[in-house]
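**Q** Provided herewith is a single structure, encoded as structure tokens, for subsequent inquiry.
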Amino acid sequence: AEGIVIAIDGPSGSGKSSTAKGVARARELRYLDTGAMYRAMTWWMLDQGIDVDDADSVAEASSRPVITMGTDPAAPTVDVDGTDVAAAIRTQEVTGSVSAVSAVPAVRERLVALQRETIARACREAAGIVVEGRDITTVVAPDAPVKIFLTASAEARANRRSKEVDTDDIAATQADLARRDLLDSTRSDSPLTQTEDALELETSNLTLDEVIAIVVKLADEAV
Ligand code: C5P
């Protein structure tokens, strides 16, 4: 049997990761955090001393790091050249540079190919996969049977992200999310866009369990 693909896009802090992981665990599917792949690429560029604002240098170097994703939703992993970078990719420095790196077409070409390989493998070897990011419903897996665009108010997103990164400065968090969303939705290659065939789920007033239950129901109806 062919595995199911559940594609989830949305802006930063909309609850994509928690939702995607919860759905994958509930239905024994694999899980892929594509944002972690762009962060891993960015971590490596910074580690190499590459100027992330120089798109040509970024493009030229982008074929070098070997990025490996573990897709168990209970324990997802991200390695670069054999090094576990799960914690290192969540720093302010990486978060501040990732939108510049992810706007470079050569970076996207390479990571999208890796994402599609991971999806194909999950559909062969498991019941399917939940994939989250910014261009999953539009570019990576436009034919996915379940396509969701998660949204939440700027306030709700800043509150959630502030808890995640353990800061009291919600205004600064909101400003950072707004900056990243603007860059991610205005870049020319694969911008974050909401398409008509993706179901919009506004989560500001829903609990995580409620959001997971809605997506699980959609997935059950799709098989
Ligand atoms: O999801 P997360 O916030 O960790 O993503 C980090 C960054 O990676 C985003 O701000 C965006 O620049 C980039 N990204 C992307 N395409 C994806 C997933 C993430 O460009 N599919």
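The values are calculated or read from the model by the stated rules, or taken from the named source; none is laboratory data. Values in this document were obtained by computation on a predicted structure and should not be read as measured data. All Cβ positions, glycine included, derive from the backbone under ideal geometry; neighbour counts span all protein chains shown. Accessible surface areas use protein heavy atoms only, side chains included; no ligands, DNA or RNA. Shrake-Rupley method; radii C 1.70, N 1.55, O 1.52, S 1.80 Å.
**Q** Provide Rg and Dmax in Å for the chain, with only Cα atoms included in the calculation.
**A** For the chain, the Cα radius of gyration and maximum Cα-Cα distance read 16.5, 48 Å.
**Q** Longest exposed-loop-site-free stretch of the chain, with GluC sites (Glu not before Pro), DSSP loop and at most 10 other Cβ within 10 Å? Intermediate results must be reported in sequence, preceding the final value.
**A** Working: sites that count: Glu2, Glu28, Glu196.
So the longest stretch without any such site is 29-195.
**Q** Computed FRET efficiency, Cβ-Cβ of Glu164 and Thr77, R0 30 Å: what is it to the nearest 0.05?
**A** 0.95
**Q** Rounded to the nearest 20 Debye, what is the dipole magnitude of region 66-193 about its Cα centre when Lys and Arg each give +1 and Asp and Glu each give -1 at the C-beta?
**A** 360
**Q** Just to confirm my numbers, what's the Cα centroid distance between region 1-80 and region 152-215 in Å?
**A** Region 1-80 and region 152-215 have Cα centres separated by 17 Å.
**Q** Go through Ile170, Gly22, Ser190 and say which Cα lies farthest out towards the positive end of the charge dipole of the chain; charges sit on Cβ, +1 for Lys and Arg, -1 for Asp and Glu.
**A** Gly22
**Q** Shifting gears a bit: To the nearest 20 Debye, how big is the dipole of the chain about its Cα centre, given +1 on the beta carbon of each Lys and Arg and -1 on that of each Asp and Glu?
**A** 360
**Q** About the Cα centre of region 5-98, what is the dipole size in debye to 20, counting +1 per Lys and Arg Cβ and -1 per Asp and Glu Cβ, all else neutral?
**A** Dipole of region 5-98, to the nearest 20 debye: 680 debye.
**Q** List, in order, the whole-Hz ³J(HN,Hα) value for each residue of region 77-88 obtained from phi through the Karplus relation with A = 6.51, B = -1.76, C = 1.60 and θ = phi - 60°; use x for Gly and Pro.
**A** Listing the rounded values in order: 10, 9, 10, 10, 6, x, 9, 6, 10, 3, 7, 4 Hz.
**Q** Nearest 5 is fine: what % of DSSP beta bridges in region 17-155 come out antiparallel, could you say?
**A** 60
**Q** Taking a probe of 1.4 angstrom, what is the accessible area of Lys217 in Å², to the nearest 10?
**A** Surface accessible to solvent at Lys217 totals approximately 130 Å².
**Q** Counting only residues 5 or more places away or on other chains, whose amide H sits under 5 Å from the amide H of Ile4 once H atoms are built in the peptide plane?
**A** Gly128, Ile129
**Q** So, for region 117-164, what is the accessible surface per residue at a probe of 1.4 Å, expressed in square angstrom?
**A** On the way: 1910 Å² over 48 residues.
Solvent-accessible surface per residue comes out at 40 Å².
**Q** Put Thr91, Thr34 in order of accessible area, largest first, 1.4 Å probe: what do you get?
**A** Highest to lowest solvent-accessible surface, that is Thr91, Thr34.
**Q** Using a 7 Å offset from the Cα along the Cα-to-Cβ direction at both Asp220 and Thr91, what is the distance between the two label points in nm, to one decimal?
**A** Going by the 7 Å Cα→Cβ label model, 4.5 nm.
**Q** Taking all protein chains as present, what is the carbon and sulfur share of the accessible area of region 1-71, in % to the nearest whole number, probe 1.4 Å?
**A** C and S atoms contribute 40 percent here.
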